[in-house]
1. So, of the residues in region 38-83 that are within 30 Å of VAL24 (Cα to Cα) and β-branched (Val, Ile, Thr), which turns out to be least open to solvent (accessible area, probe 1.4 Å)?
2. Answer with yes or no whether LYS343 is under 24 Å from VAL243 (Cα atoms), modelled with pLDDT of 90 or more and open to solvent by 70 Å² or more (accessible area, probe 1.4 Å).
3. LYS212 versus (1) within 19 Å of PHE285 (Cα to Cα); (2) over 43 Å from the mean Cα position of the chain (by Cα): which is the lone unmet condition?
4. Confirm whether GLY33 is at positive phi, at pLDDT below 85 and over 59 Å from the mean Cα position of the chain (by Cα).
5. Select, from PRO23, PRO8, the only residue that is at pLDDT below 70 and on the phi < 0 side of the Ramachandran plot.
6. Determine which member of the set LEU254, LEU265, LEU259 is open to solvent by 20 Å² or more (accessible area, probe 1.4 Å) and either modelled with pLDDT under 90 or not charged (D, E, K, R) (or both).
7. Which of (1) open to solvent by 100 Å² or more (accessible area, probe 1.4 Å); (2) modelled with pLDDT of 80 or more; (3) of a type outside the set (Lys, Arg); (4) more than 60 Å from the chain's Cα centre (by Cα) is the odd one out, the single condition MET1 does not satisfy?
8. Does ALA62 meet the test of being small (Gly, Ala, Ser), assigned to a loop (DSSP other than H, G, I, E, B), out of contact with any Pro (no Cβ under 6 Å at 6 or more places or on another chain) and at pLDDT 90 or above?
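The values are calculated or read from the model by the stated rules, or taken from the named source; none is laboratory data. Everything numeric here is computed off the predicted structure, so don't read it as measured data. Cβ placement follows ideal geometry from the backbone for every residue including glycine, while neighbour counts extend to all protein chains displayed. Areas reflect the complete protein model, heavy atoms only, side chains present, ligands, DNA and RNA absent. Shrake-Rupley method; radii C 1.70, N 1.55, O 1.52, S 1.80 Å.
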Amino acid sequence: MPAPAQRPVPAQPPVSRRSVLHPVQRAVRRYFGFSRRETSGLVVLVLLMVVALGLPSLLRPALPTYEPRADAQKLNAWAAELAARRTTRPQFNSRYPRRAYAARTRVPQVALAPFNPNTFTALDWQARGLPAWLAERLVKYRSAAGGFRAKEQLRKAYGLSDTTYARLAPYIQLPDQLPPREAREYARNSSGPSQFANRKPFEAVTSRFKSKPTKLAAFDVNTADTTQLMQIRGIGRGYARRVVEYRQRLGGFLREDQLTEIYALRDAPDLVDSLRKYTFVAAGFSPALVDVNTASFEVLQAHPYVGKRLARVLVAFRQQHGPFRQPADLRQVRILDEATLEKLQPYLVLR
């Protein structure tokens, strides 16, 4: 009888060698729900971070130890050398000698008791706790006022604090307030002659300034001087001088509206109206002319319609392009606008 066949023994799985970090990986995987690959990556990353943090301290070279004795010796030597070179500062006599003040004697203090401030000296005030300067001030104040008559006079003394006054006030033998002043009565002597009987009647005081005329005849503005202009109401010496100066710079007024160009009269239309009312421009008046081709820079810039900028350009233009032949040539100057040219033409001449 054949022997029964033996069953094959199942192969046992090989025993795996678990690493030391296996418990850690298992705990992390359970807590965070990571897979094995994610857990292994996390562990490797943590190990790399630990190595990165500890590696610099391991690779750092040893620092040399500092010995301060050598530096201290050098500093001491330098200090001794500077002290040897140092010279004493010479003493200079001051131009203003110091004042010698007498030493103040210390005044013994006394207990407070009722007192009359009109009989106190400076030492008595010091014995009550006041400084010497304040005691002397109170004595001078009493002499100037003719004596204290109430406590409020002391309270108003300069330098006496409210605390010091409150400490001394209960012991001052004076009333708190000054008595009210009595109304003065003046006797009237109705029977005898008045003391003002010989007084002269009121005489009008004559002013040193002459009054301006109420009726003034119109005059030529180009020939009037400051005295004639000052006869107009509102025109004083300053305004009259400015009108004459502007007229001389301009070469004469051709129209009455040119008075508004004066800088001092721009904000005074009432004065301009007064000037127009009492002045006029004579017919056929010819102003002073300025030759653009021969006039210097100083002459041109003094004209109100030219100024420094335009005068500089006119002089440079005629030096580069020759003299101006006709007034239309002035239009070639770019900074000279048409309005200025129209106002300037009656005052220009080309020779």
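1. The initial filter retains those residues of region 38-83 that are within 30 Å of VAL24 (Cα to Cα), namely 38-59.
Okay, now just the ones that are also β-branched (Val, Ile, Thr), so 39, 43-44, 46, 50-51.
On the way: THR39: 1, VAL43: 26, VAL44: 80, VAL46: 74, VAL50: 94, VAL51: 87 Å².
Among residues in region 38-83 that are within 30 Å of VAL24 (Cα to Cα) and β-branched (Val, Ile, Thr), the one least open to solvent (accessible area, probe 1.4 Å) is THR39.
2. Numbers: under 24 Å from VAL243 (Cα atoms): yes; modelled with pLDDT of 90 or more: no; open to solvent by 70 Å² or more (accessible area, probe 1.4 Å): yes.
Judged against the criteria, LYS343 is not a match.
3. (1)
4. On the way: at positive phi: yes; at pLDDT below 85: yes; over 59 Å from the mean Cα position of the chain (by Cα): yes.
For GLY33, the condition - at positive phi, at pLDDT below 85 and over 59 Å from the mean Cα position of the chain (by Cα) - is met.
5. Values: PRO23 fails: at pLDDT below 70.
Sole residue among the options that is at pLDDT below 70 and on the phi < 0 side of the Ramachandran plot: PRO8.
6. Working: LEU265 fails: open to solvent by 20 Å² or more (accessible area, probe 1.4 Å); LEU259 fails: open to solvent by 20 Å² or more (accessible area, probe 1.4 Å).
Exactly one residue qualifies, and that residue is LEU254.
7. Unmet condition: (2).
8. Here the answer is no, as ALA62 does not meet what is asked.
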